[in-house]
Structures are given as C-alpha cells and as structure tokens.
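Working notes, structure below.
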Amino acid sequence: MDFFHLQDLVTSDYDEVLFYLPFDNFKRRATPATTEEYVTYREATLGFICRRTRRITEWLRDNHPDAEIGG
C-alpha cells in the first residue's frame, strides 16, 4: 500500500529505506561530517520535499478539485 508522504524514502518494492548519507548501522553521527556530505544530504532532502509536494498536489487535484492549492 502506498503512503504518499513517505514513498520517496523507500525503494519501489518497499524492501529498503533510502538514506541520504551512507548507512553504517547507526555508528556514524547523524549529521553530515564534511561539506561534500552536507551537499549530498541537502540535495537529497530538497529532492524528497519536491517529490512529496508534487505527489500531495496531484492527490489533492484528483481527490479535492475545489481545494485551493498553493500559497
């Protein structure tokens, strides 16, 4: 079952969680350690927000066409 708020955080078969930084079983710090890691994390976060916003907007248009979307 799809859950449109979080679909972009897992693989298409829901078998794995997609991490923004390399995952090492919670041994590393949760925050980016280098500028390169920060840029990777930032780009992944912004991409997720854009995809999720698009998914929510499409859902609203399909299910509540009279709703005002945007701000």
Q. So which of D8, D13, D62 is outside any helix (DSSP H, G or I) and either at negative phi or over 15 Å from the mean Cα position of the chain (by Cα) (or both)?
A. D13
Q | Residues of segment 16-44 satisfying the condition of being aliphatic (A, V, I, L, M), closer than 30 Å to D62 by Cα and in a loop (DSSP other than H, G, I, E, B) | A | L18
Q: Within segment 5-18, identify whether any single residue is free of Cβ contacts under 8 Å to residues at least 24 places away in the same chain, touching a Pro at 6+ places or on another chain (Cβ under 9 Å) and aromatic (F, W, Y), and answer yes or no.
A: no
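In the set I49, I56, which member is at pLDDT below 90 and assigned to a helix (DSSP H, G or I)?
I56
Which residues, counting only those in segment 17-52, are loosely packed, with under 10 Cβ neighbours inside 10 Å and among the charged types (D, E, K, R)? Spell out the reasoning first.
Just the residues of segment 17-52 that are loosely packed, with under 10 Cβ neighbours inside 10 Å, to begin with: 22, 24-27, 29-31, 34-36.
Listed by number, the residues that qualify are D24, K27, R29, E36.
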Q | Pairs where the first residue, in segment 19-36, is at negative phi and the second is of a type in the set (A, V, I, L, M) and loosely packed, with under 10 Cβ neighbours inside 10 Å, C-beta under 9 Å, 6+ apart | A | L21/A30
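The values are calculated or read from the model by the stated rules, or taken from the named source; none is laboratory data. Computed from a predicted model, the values in this text were never measured in an experiment. So basically every Cβ, Gly included, is an ideal-geometry build from the backbone, and we count neighbours across all protein chains shown.
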